[in-house]
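Scroll down for the structure; my scribbles are underneath it.
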Amino acid sequence: MKNRFLGFGLGLRAPHFEQIISEKPAVDWFEIISENYFVAGGKPWHYLNKIRADYPIVMHGVSMSIGSIDPINKDYLNQLKNTIARVEPQWVSDHLCFTQVGGINSHDLLPMPYTSEALDHLANKISQVQDYLGREMIFENVSSYLTYNDSQMSEWEFLAQLHKQTGCKFLMDVNNVYVSARNHDFNAMDYLSAIPSTAIAQIHLAGHQDFGTHIIDTHDEDVPDAVWDLYAQYAKTLNPVSTMIERDDNIGSLDDLITELEHAKALVKPFWDIRS
């Protein structure tokens, strides 16, 4: 899949539906949560059909559980495939993690152990999913609060090997990297620099809760200065990559999110060839 630069987008959230439709704000694209549209109709589709007439849409899932040792949930994949056919998104993403254990969805994005066995397992699962969907997918790094004694490599070495083995592209959540770097005391740019720039298909920016001794990835705050700084430093190493602000709680006004989006654009404009 060739990386396509869509510009600067936002996560599409219900409180903003009406304003987006009536005002058509200067947002380049929107990202939807895939599972929110696993329904035949109703308000989600009513609003999405109007919005997708004016904006490119990408899909972002939270329940694929690609890293689980449980068999792939064919019912889930079928719902996803049907939704993809209706939305016609620019691309589809999910998380490099597991959420399901013994058939039970934990509703948490649980990190993988970074082992050769897990690498082969993920590569096989990714191949199965992409074959079933008939398209390539993008996978996001998750934040973490623990490490595994059995891990044989760093997370960034694991991702680099996964890309080498499968060719898969990544949705790089810069906030998640910052959170994990603080929690596990590593250098965030060492992580980001280890992943081939050509493997980065999208970027997420978000906020978190800082408790001093640790950080929790909450996506309910403005993007903090430290994450802006990391994004600006990282962006200098990349060609233009589609970037979005992700807010999942304490969503706030659309205008405030657009202000953050404009800040992201201003940070990278000096070294990305983008239109004002």
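Looking for something open to solvent by 50 Å² or more (accessible area, probe 1.4 Å) and touching a strand residue (DSSP E or B) at 6+ places or on another chain (Cβ under 8 Å) - is there at least one such residue anywhere in the stretch 226-245? Scanning the stretch 226-245 turns up no residue that is open to solvent by 50 Å² or more (accessible area, probe 1.4 Å) and touching a strand residue (DSSP E or B) at 6+ places or on another chain (Cβ under 8 Å). Of all the numbered requirements in (1) touching a residue at least 40 places away in the same chain (Cβ under 8 Å); (2) crowded, with 21+ Cβ neighbours inside 10 Å, Val179 misses one, and that requirement is (1).
Just give me the residues in the stretch 7-56 being part of a loop (DSSP other than H, G, I, E, B) and in contact (Cβ under 8 Å) with a residue 12 or more places away in the chain, in sequence order.
Correct list: Gly7, Leu12, Arg13, Lys24, Pro25, Ala26, Val27, Asp28, Phe38, Asp54, Tyr55, Pro56.
Among the residues making up the stretch 124-139, those that are part of a helix (DSSP H, G or I) and closer than 24 Å to Arg4 by Cβ are Ile126, Ser127, Val129, Gln130, Asp131, Tyr132, Leu133. Would you pick out the residues in the stretch 1-44 that are over 22 Å from Ile200 (Cβ atoms), in contact with a Lys or Arg (Cβ under 9 Å, 6 or more places away or on another chain) and buried (at least 17 other Cβ atoms within 10 Å of the Cβ)? Arg13, Phe17, Ile20, Tyr37, listed by residue number.
Would you say Asp75 is among the charged types (D, E, K, R), closer than 30 Å to Asp150 by Cβ and out of contact with any helix residue (DSSP H, G or I) (no Cβ under 9 Å at 6 or more places or on another chain)? Reasoning before the result, please.
Working: among the charged types (D, E, K, R): yes; closer than 30 Å to Asp150 by Cβ: no; out of contact with any helix residue (DSSP H, G or I) (no Cβ under 9 Å at 6 or more places or on another chain): yes.
The answer is no for Asp75.
Of the candidates Ile200, Ile138, Ile126, the single residue that is open to solvent by less than 10 Å² (accessible area, probe 1.4 Å), in contact with a Cys (Cβ under 7 Å, 6 or more places away or on another chain) and among the β-branched types (Val, Ile, Thr) is Ile126. Any idea which residue in the stretch 204-223 is most open to solvent (accessible area, probe 1.4 Å), counting only those that are more than 15 Å from the chain's Cα centre (by Cα) and under 9 Å from Arg247 (Cα atoms)? My answer is Asp222.
The values are calculated or read from the model by the stated rules, or taken from the named source; none is laboratory data. These numbers were taken from a predicted model, which means no experiment stands behind them. Every residue, glycine as well, gets a Cβ built from its backbone with ideal geometry; the counts of neighbours run over all protein chains shown. Heavy atoms of the whole protein, side chains included, go into the accessibility calculation; ligands, DNA and RNA do not. Shrake-Rupley method; radii C 1.70, N 1.55, O 1.52, S 1.80 Å.
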